[in-house]
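The values are calculated or read from the model by the stated rules, or taken from the named source; none is laboratory data. None of the values given here were measured: they were computed from a predicted structure. Every residue, glycine among them, receives a Cβ derived from its backbone with ideal geometry; neighbour counts consider all protein chains shown. For accessibility, only protein heavy atoms count, side chains too; no ligands or nucleic acids. Shrake-Rupley method; radii C 1.70, N 1.55, O 1.52, S 1.80 Å.
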Amino acid sequence: MSTPRTITGEVNPERDCPSDSSLVRLSYHRNFPLPIGEVWAALTDSEKLGRWYGTYTGDPATGRVRLTMTDDHDSATTYVDILRCSPPDGFAVDVDGWQLEVALHQVGKVTTLEFTHRHVPRSEAGEIGPGWQYYLDRLDAALAGTRPPSWDDYLDLVDEYR
């Protein structure tokens with residue numbers, strides 16, 4: 001097992017909570033040498049999303065889909081409520097109470113992804129943070145056509161998110 005050499009997420013106090021709150025937000029930034037439409041499709045097309053995260057059934061236009069995880073680390077099925085969707089610039093969803101936001105920006109030939117998991121209890125950041133790093137690395141591998149990472153390599157990252 002080796003620790004991945006990827007971009008670690010940031011743990012910051014949640015902006016819209018009282019200063020003494022124990023809630024934080026996890027933020028990740030990734031750059032892809034691809035047009036924004038290709039990155040958007042990898043995040044929103046069920047088949048392409050399934051290559052790195054999970055597939056969904058249902059019509060996103062209804063505001064709710066059923067997501068099934070598709071990797072060896074997790075195979076759970078849950079409902080996803082779509083709170084906001086502005087193709088191809090971003091979206092916000094609620095997954096079992098988890099508030100997730102994605103923003104995409106293209107400058108030249110590079111698309112930047114900003115991923116935020118909001119209102120995370122600080123005590124859970126060490127468990128959740130490495131998971132999002134793992135899945136974003138899987139997205140990177142899917143977009144680059146390379147081998148996806150192994151979950152076991154992310155277990156040593158707990159302290160990076162505390």
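For Leu49, indicate whether it is within 15 Å of the chain's Cα centre (by Cα), modelled with pLDDT of 95 or more and farther than 28 Å from Arg162 by Cβ.
yes
Taking the stretch 118-152 only, how many residues are among the β-branched types (Val, Ile, Thr) and free of Cβ contacts under 8 Å to residues at least 40 places away in the same chain? Break it down into steps so the answer makes sense when it comes.
First, the residues of the stretch 118-152 that are among the β-branched types (Val, Ile, Thr): 120, 128, 146.
The next check asks that each one be free of Cβ contacts under 8 Å to residues at least 40 places away in the same chain; those that pass are 146.
Summing the residues that are among the β-branched types (Val, Ile, Thr) and free of Cβ contacts under 8 Å to residues at least 40 places away in the same chain in the stretch 118-152 gives 1.
Which one of Asp74, Asp45, Asp94, Asp81 is open to solvent by less than 50 Å² (accessible area, probe 1.4 Å) and acidic (Asp, Glu)? So that I can check it myself, show each step before the final result.
On the way: Asp74 fails: open to solvent by less than 50 Å² (accessible area, probe 1.4 Å); Asp45 fails: open to solvent by less than 50 Å² (accessible area, probe 1.4 Å); Asp81 fails: open to solvent by less than 50 Å² (accessible area, probe 1.4 Å).
Exactly one residue qualifies, and that residue is Asp94.
In the stretch 60-70, is there at least one residue being surrounded by fewer than 14 Cβ atoms within 10 Å (Cβ to Cβ) and in contact with a helix residue (DSSP H, G or I) (Cβ under 9 Å, 6 or more places away or on another chain)?
Looking through the stretch 60-70, none of the residues is surrounded by fewer than 14 Cβ atoms within 10 Å (Cβ to Cβ) and in contact with a helix residue (DSSP H, G or I) (Cβ under 9 Å, 6 or more places away or on another chain).
If you go through the stretch 57-88 one residue at a time, how many are outside any strand (DSSP E or B) and without any contact (Cβ under 8 Å) to a residue 24 or more places away in the chain? Working first, answer last.
In the first step, residues of the stretch 57-88 are kept if they are outside any strand (DSSP E or B); the result is 58-63, 70, 72-73, 75-76, 87-88.
Checking the rest, the ones that are also without any contact (Cβ under 8 Å) to a residue 24 or more places away in the chain come to 58-59, 61-63, 70, 75-76.
Looking only at that region, the number is 8.
Just one of (1) out of contact with any Pro (no Cβ under 8 Å at 6 or more places or on another chain); (2) modelled with pLDDT of 95 or more trips up Pro148, so point out which.
With (1) out of contact with any Pro (no Cβ under 8 Å at 6 or more places or on another chain); (2) modelled with pLDDT of 95 or more applied to Pro148, the lone miss is (2).
Quick check on the stretch 37-52. Is at least one of its residues free of Cβ contacts under 8 Å to residues at least 12 places away in the same chain, touching a helix residue (DSSP H, G or I) at 6+ places or on another chain (Cβ under 8 Å), part of a helix (DSSP H, G or I) and under 26 Å from Leu157 (Cα atoms)?
Yes, there is a match, as at least one residue in the stretch 37-52 is free of Cβ contacts under 8 Å to residues at least 12 places away in the same chain, touching a helix residue (DSSP H, G or I) at 6+ places or on another chain (Cβ under 8 Å), part of a helix (DSSP H, G or I) and under 26 Å from Leu157 (Cα atoms).
Which condition number does Gln106 fail, the rest of (1) assigned to a strand (DSSP E or B); (2) in contact with a helix residue (DSSP H, G or I) (Cβ under 9 Å, 6 or more places away or on another chain); (3) loosely packed, with under 14 Cβ neighbours inside 10 Å being met?
Every listed condition holds for Gln106 apart from (3).
Which count do you get for residues in the stretch 24-36 that are out of contact with any helix residue (DSSP H, G or I) (no Cβ under 7 Å at 6 or more places or on another chain) and open to solvent by 20 Å² or more (accessible area, probe 1.4 Å)? Break it down into steps so the answer makes sense when it comes.
Restricting attention to the stretch 24-36, the residues satisfying the condition of being out of contact with any helix residue (DSSP H, G or I) (no Cβ under 7 Å at 6 or more places or on another chain) are 25, 27, 29, 31, 33, 35-36.
When the remaining residues are screened for being open to solvent by 20 Å² or more (accessible area, probe 1.4 Å), the result is 25, 29, 31, 33, 35-36.
Going through the stretch 24-36 one residue at a time, the tally reaches 6.
Would you pick out the residues in the stretch 133-148 that are open to solvent by 20 Å² or more (accessible area, probe 1.4 Å), more than 17 Å from Thr44 (Cβ to Cβ) and hydrophobic (A, V, I, L, M, F, W, C)?
Within the stretch 133-148, just Ala144 meets the criteria.
What's the total number of residues in the stretch 9-36 that are at pLDDT below 95, over 15 Å from the mean Cα position of the chain (by Cα) and part of a loop (DSSP other than H, G, I, E, B)?
9
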